[in-house]
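See structure below.
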Amino acid sequence: MRSRLWTLLAVPGLGWLVLFFGVGFYAIVSVGLGNVTTLYEPVPHWNPIDWNVGYLWQALGDVLPGGDTWDDVVRTLVYVTVAVVLSLAIGYPVAWFAARHAGRWKAPLLVLLVLPFWISYLMRMFAWTNLLDSDGYATKLLDALSIDSALRALGLMEPGGWLGGQHVTVILALVYGYVPYCVLALFAALDRIDQRLIEAARDLGASPASAFVRVALPLSRAGTIGAIVLIALPMFGDYYTPDLMSGSPRTSTLGNVINGALQGGPNKPVGAALTVLLAIFLLALLVYYLRILRAEQRQAVRL
């Protein structure tokens, strides 16, 4: 009876996913494996028997070295990798403090961590475009601190202002936008660690740093990978952050290429095929995370 009850409760959510995600994604697949008219209008092939893999092979050639979108693929990988590393560097200490040392301030800290979700992502990005404008408060402060001069000296920033097609601006915007998700995922993992395990390591002579590295860090491995997956997956398809914070071809990502192909021009099937390839890549990352999570659960059962 309990199994049937939970199945019935899951039906509305599954129906919602099938209707608004499954059908939409199948439409993208049908366009990517379809054809075009003489006016380059897409002709979806809804029947899998009629699928045409020509545009899929073209999209695959575009994302390989020497392809038309290879530079965008490399740029996307660099942006996501650097943004994820910075998000972990910022989020892990915050989550560790909130989970293990906040004490009676844990609840207020959680409220502060959730506050960014009360404001639309786009609204937060729009706020930064005003702050980083040539006359914005953030720009004046950064100029006073000579931060932009230091970045230019290191070769990390080019002339033209913070909104003038700067790689560092896009990366910092991605970190700012997704780090709250990273902190919450890490907090959930770190808060579940049994404090007695850390205390046992201390009793056996381990220093606080050694207890953290040998006990807490391995136990938070699944949660850390979960946080990486949680923020990396949407970053790969993010096109509005580079558009808002730069709008320059120098900062174009794979998401921008897909959005440009699907919004206009004769390459809608290629854009849909690129979406399919990106979905396959992200699905592989998700499967890898699920395998690690299952291995962690099996190890916990053995213990």
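The values are calculated or read from the model by the stated rules, or taken from the named source; none is laboratory data. Every value quoted in this text rests on a predicted model; they were computed, and no experiment measured them. Positions of Cβ are backbone-derived with ideal geometry, glycine not excepted, and every protein chain shown enters the neighbour counts. With ligands, DNA and RNA removed, areas are computed over all heavy atoms of the protein, side chains included. Shrake-Rupley method; radii C 1.70, N 1.55, O 1.52, S 1.80 Å.
A few notes on this one:
- The residue list Ile198, Asn47, Leu14 was ranked by how far each Cα lies along the charge dipole of the chain toward its positive end, using unit charges on Cβ atoms, and Ile198 comes out on top.
- DSSP H segments from the chain that extend 18 Å or more along their own axis, Cα-based, with Kyte-Doolittle mean of 0.5 or above: 2-17, 70-96, 167-191, 221-237, 268-302
- When region 1-99 is reduced to its Cα atoms, the Kirkwood hydrodynamic radius in Å: 18.1 Å
- Relative intensity, log₁₀ I(q)/I(0), of region 86-216 from a Debye sum that treats every alpha carbon as a point, q = 0.16, 0.21 Å⁻¹: -0.91, -1.17
- Carbon and sulfur %, accessible surface of region 159-252 computed with the full protein complex present, 1.4 Å: 63 percent
- Percent accessible area from carbon and sulfur atoms, region 1-119, protein chains only, probe 1.4 Å: 74 percent
- Contact order, relative form, for the chain: 26 percent (alpha carbon pairs under 8 Å, 6 or more residues apart, mean separation divided by residue count).
- Cα-only Debye scattering, the chain: base-10 log of I(q)/I(0) at q = 0.10, 0.13, 0.15 Å⁻¹: -0.75, -1.14, -1.30
- Dipole moment magnitude, nearest 20 debye, region 154-219 about Cα centre, only Lys, Arg, Asp, Glu C-beta charged: 120 debye
- Within region 171-303, the proportion of Cα pairs with more than 21 Å between them is 58 percent.
- Residue among Pro242, Pro65, Pro12 with the largest mean-square fluctuation in a Gaussian network model of the chain, springs linking Cα atoms under 10 Å: Pro12
- Solvent-accessible area per residue for region 105-190 (1.4 angstrom probe, square angstrom): 54 Å²
- In this simple spin-label model, placing a label point 7 Å from the Cα along the Cα-to-Cβ direction at both Ala206 and Ala153 gives a separation of 4.2 nm.
- Rounded to the nearest 20 debye, dipole of region 129-242 from Cβ charges on Lys, Arg, Asp, Glu: 440 debye
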